[in-house]
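Trainee: Pasting a structure below so you can have a look.
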Amino acid sequence: MSRTPLPYQAEDISAVARALHRQLAGQERPPGHVELLNMLARAAGYRNVQHLRAQHLARTTLDQPPAAAAPVDYVLVKRLQRYFDDQGRLARWPGKFSHQQPCLWVLWSRIPARTIYNEREISLLIQAEHGFGDHALLRRAMVEDGLLTRTRDCRVYQRVERQPPPESLALIRSLSVRRIG
């Protein structure tokens, strides 16, 4: 069975030696393998060897670079920003289908997650985020694109939790800065 090596580091070797001396002095017999590992871990400031191992695994996981993100077409994001006003509200509905999708993602990002809405509540949320007066078009498009779910009787709506595409995510970020500033 292959084991992953567990690095051991201590800030002060004298402190480690003193801690080991105290722990070994209290033993009636020589410590076993696991007992010695736990003593070494405690001498370095950990509760036991499992704590040392967990800290090491967490550190190496955090130190790894994130997975490569998909490339973003920033020219497209710049074009898409033109559909929004100075407050970050959708000012007009794009004619191109490929431009409609990212705009819907922006609206999706402004609907609170894990909340159930009736038709009136979701319509009010959408109305507050656009300025061209057709919340029904936007609500329907969001349902058709799978960004919102609704019951067959159209009484209950809920945001679907998904990861936005790279361009949509970049657009959401750029517009959130516009809304704050």
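Values quoted throughout were computed directly from the atomic coordinates according to the rules given, and no laboratory measurement underlies them. These numbers were taken from a predicted model, which means no experiment stands behind them. Cβ sites come from the backbone with ideal geometry, for glycine too, and all protein chains shown count toward neighbours.
Trainee: So which trypsin sites (Lys or Arg not before Pro) in segment 129-181 end up in coil per DSSP with only 13 or fewer other C-beta atoms within 10 Å?
Mentor: In loop regions of segment 129-181 (DSSP not H, G, I, E or B), the sparsely surrounded trypsin sites (Lys or Arg not before Pro) are R152, R155, R162.
Trainee: Does anyone have the angle between helix 135-144 and the longest principal axis of the chain? Alpha-carbon axes, 0 to 90°, nearest 10?
Mentor: 50 degrees
Trainee: Okay, next question. Quick one: 3J(HN,Hα) in Hz for segment 43-49, Karplus 6.51/-1.76/1.60 with θ = phi - 60°, rounded, Gly and Pro as x.
Mentor: Going residue by residue, I get 5, 8, x, 9, 5, 6, 5 Hz, with x marking Gly and Pro.
Trainee: Using a 10 Å Cβ count of at most 14 others and DSSP loop calls, identify the longest part of the chain lacking such GluC sites (Glu not before Pro).
Mentor: Values: sites that count: E11, E28, E161.
The segment 29-160 is the longest one with no such site.
Trainee: Which label marks the calculated value of P(r) over Cα pairs in 5 Å bins from 0, in percent, given the options (i) 1, 8, 16, 20, 21, 19, 11, 4, 1; (ii) 1, 7, 13, 13, 11, 7, 5, 4, 5, 6, 7, 7, 6, 4, 3, 1, 0; (iii) 1, 8, 10, 11, 11, 13, 14, 14, 11, 6, 1, 0, 0?
Mentor: Checking each listed value against the structure points to (ii).
Trainee: Measure nothing fancy, just the Cα-based angle from helix 119-128's long axis to the longest principal axis of the chain, in degrees from 0 to 90, nearest 10.
Mentor: Helix 119-128 and the main axis of the chain meet at about 90 degrees.
Trainee: What value, in deg cm²/dmol to 500, does the helix sum -39500 (n - 2.57) over DSSP H runs of n ≥ 4 give at 222 nm once divided by the residues of the chain? All intermediate terms of the calculation are to be shown ahead of the outcome.
Mentor: Working: 8 runs with 95 residues, N = 181.
It lands at -16000 deg cm²/dmol.
Trainee: Rule-of-thumb check for segment 74-180: C-alpha Rg over 2.2 N^0.38 Å?
Mentor: 1.01
Trainee: Sort M39, M142 so the one with the fewest other Cβ atoms within 10 Å of its own Cβ comes first.
Mentor: Fewest-to-most Cβ neighbours within 10 Å comes out as M39, M142.
Trainee: Can I ask one more? Note the angle between two axes, namely the Cα long axis of helix 166-180 and the longest principal axis of the Cα atoms of the chain, as a number of degrees from 0 to 90, rounded to the nearest 10.
Mentor: Roughly 80 degrees, rounded to the nearest 10.
Trainee: Another question about this same structure. Take the alpha-carbon positions of segment 13-63, form their convex hull, and give its projected area averaged over all directions (one quarter of the hull surface) in nm². Walk me through the numbers before you get to the answer.
Mentor: Values: hull surface 15.6 nm².
Averaged projected hull area, Cα only: 3.9 nm².
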